[in-house]
Amino acid sequence: MKVTQISIFIENKSGRLAEVSRVLGEKDVNIRALSLADTSDFGILRLIVDNTDLAKETLKERGFTVSKTEVVAVEVPDCPGGLSSILQVLDTANVNVEYMYAFVERSAGNAVIIFRFDDVDQAIEVLQANGITVLPGERIYGI
């Protein structure tokens with residue numbers, strides 16, 4: 001039920017983001033979701049792609065610093081308070097959310113949110129025990 005995400009450290013300068021997307025496009029790697037956080041000097045581009053190994057290898061060959069991280073894709077009710085209900089379940093179980101970002105696909109009328117937890121296995125266990133749908137990586141990569 002885990003999803004593999006790649007994180008790319010990029011200089012905060014014109015053209016670097018375009019270069020990442022061009023390099024992946026040349027290898028027919030499709031970006032499924034992304035998040036970009038930046039400081040004045042560098043950014044962290046987090047991607048979920050349809051071919052994680054090829055993306056990581058290709059970007060490393062081009063001189064980028066790349067790492068893999070396990071994240072969780074969760075169906076969240078697409079209504080006011082939907083995200084709050086999920087976060088309350090996690091808070092009650094003392095599960096820490098390190099970061100999260102939206103996914104551009106809907107699943108069964110729900111939004112999909114990507115979560116990074118400090119304890120991924122515990123988070124999956126808590127979510128499933130509370131009837132919350134955790135989507136498998138294979139489904140996310142293939143959307």
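The values are calculated or read from the model by the stated rules, or taken from the named source; none is laboratory data. These numbers were taken from a predicted model, which means no experiment stands behind them. Every residue, glycine among them, receives a Cβ derived from its backbone with ideal geometry; neighbour counts consider all protein chains shown. For accessibility, only protein heavy atoms count, side chains too; no ligands or nucleic acids. Shrake-Rupley method; radii C 1.70, N 1.55, O 1.52, S 1.80 Å.
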Residue satisfying all of: in region 36-61; more than 27 Å from ARG139 (Cα to Cα) and surrounded by 14 or more Cβ atoms within 10 Å (Cβ to Cβ); modelled with the highest pLDDT among these: GLY43
Search result, residues across region 13-24 that are within 26 Å of ILE113 (Cβ to Cβ) and open to solvent by 40 Å² or more (accessible area, probe 1.4 Å): LEU17, SER21
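Listed here are the residues, each with its yes/no results for (1) at pLDDT 95 or above; (2) open to solvent by less than 30 Å² (accessible area, probe 1.4 Å); (3) not basic (Lys, Arg).
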{"position": "VAL66", "(1), (2), (3)": "yes, yes, yes"}
{"position": "GLU70", "(1), (2), (3)": "yes, no, yes"}
{"position": "VAL76", "(1), (2), (3)": "no, yes, yes"}
{"position": "THR92", "(1), (2), (3)": "yes, no, yes"}
{"position": "VAL97", "(1), (2), (3)": "yes, no, yes"}
{"position": "ASN110", "(1), (2), (3)": "no, no, yes"}
{"position": "ILE113", "(1), (2), (3)": "no, yes, yes"}
{"position": "GLN128", "(1), (2), (3)": "yes, no, yes"}
{"position": "ARG139", "(1), (2), (3)": "no, no, no"}
Where a residue in region 1-30 is in contact (Cβ under 8 Å) with a residue 60 or more places away in the chain and closer than 14 Å to LYS60 by Cα and its partner, wherever it lies, is basic (Lys, Arg) and surrounded by fewer than 14 Cβ atoms within 10 Å (Cβ to Cβ), with Cβ under 7 Å and at least six apart: ILE6/LYS68
Residue satisfying condition, being within 18 Å of the chain's Cα centre (by Cα) and open to solvent by less than 50 Å² (accessible area, probe 1.4 Å), within set ALA102, ALA33: ALA33
